[in-house]
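A quick write-up on the structure given underneath.
The values are calculated or read from the model by the stated rules, or taken from the named source; none is laboratory data. What you are looking at is a predicted structure, and each value in this text was computed from that prediction instead of being measured. Here the Cβ positions follow ideal geometry from the backbone for every residue, glycine too, while neighbour counts run over all protein chains shown. Just so you know, the surface numbers come from the protein's heavy atoms only, side chains and all, with ligands and any DNA or RNA stripped out. Shrake-Rupley method; radii C 1.70, N 1.55, O 1.52, S 1.80 Å.
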Amino acid sequence: MRYKLFMLDVGLLGALSELPVTSILEGNDIFMEFKGALTEQYVLQQLISDTPYAPYYYGTEKAVRFSTLKYMDQEWMVNIPLYAVCNL
């Protein structure tokens with residue numbers, strides 16, 4: 001069994017990881033390492049606060065992905081832009 005731990009806030013995650021604010025603004029190599037963790041934290045916060053869904057990891061044949069890409073309904077996955085997480 002595997003577990004993921006999340007913070008209460010994206011800002012707290014950034015502060016505890018000692019991620020320099022300039023790395024987010026400049027998009028350097030350090031930010032590339034933390035981008036996935038910050039995005040997961042953001043999506044989790046939005047799901048908990050703005051939707052009726054309870055987040056959990058589960059595998060199925062059709063997946064939903066939240067990313068910076070535009071909306072795409074592919075045969076095997078639906079891509080939803082980050083800004084639309086709260087509109088589920």
**OP:** Could you pull out the GluC sites (Glu not before Pro) across the chain that fall in loop regions by DSSP (anything but H, G, I, E, B) with no more than 15 other Cβ atoms inside 10 Å?
**Re:** 18, 61, 75
**OP:** Exposed loop chymotrypsin sites (Phe, Trp or Tyr not before Pro) only (DSSP loop, at most 16 other Cβ atoms within 10 Å): please give the longest stretch of the chain free of them, not including the sites.
**Re:** 7-52
Original post:
In the chain, with Lys and Arg counted as +1 and Asp and Glu as -1 at Cβ, which of these residues, 27, 13, 88, has the Cα nearest the positive end of the dipole, that is, farthest along it?
Top reply: 88
**OP:** Might you report the magnitude of the Cβ-based charge dipole of the chain about its Cα centre, with Lys and Arg at +1 and Asp and Glu at -1, to the nearest 20 debye?
**Re:** 220
Subject >> 49, 17, 23, reordered so the largest accessible area comes first (probe 1.4 Å) >> reply: 49, 17, 23
Original post:
Name the trypsin sites (Lys or Arg not before Pro) in the chain that are in a loop by DSSP and that have at most 11 other C-beta atoms within 10 Å, would you?
Top reply: 2, 4, 62, 70
Original post:
What's the carbon and sulfur percent of the chain's accessible surface, probe 1.4 angstrom, rounded to a whole number?
Top reply: 60
**OP:** Kindly report, to the nearest 10 Å², the accessible surface of residue 24 as traced by a 1.4 Å probe over protein heavy atoms only.
**Re:** 80
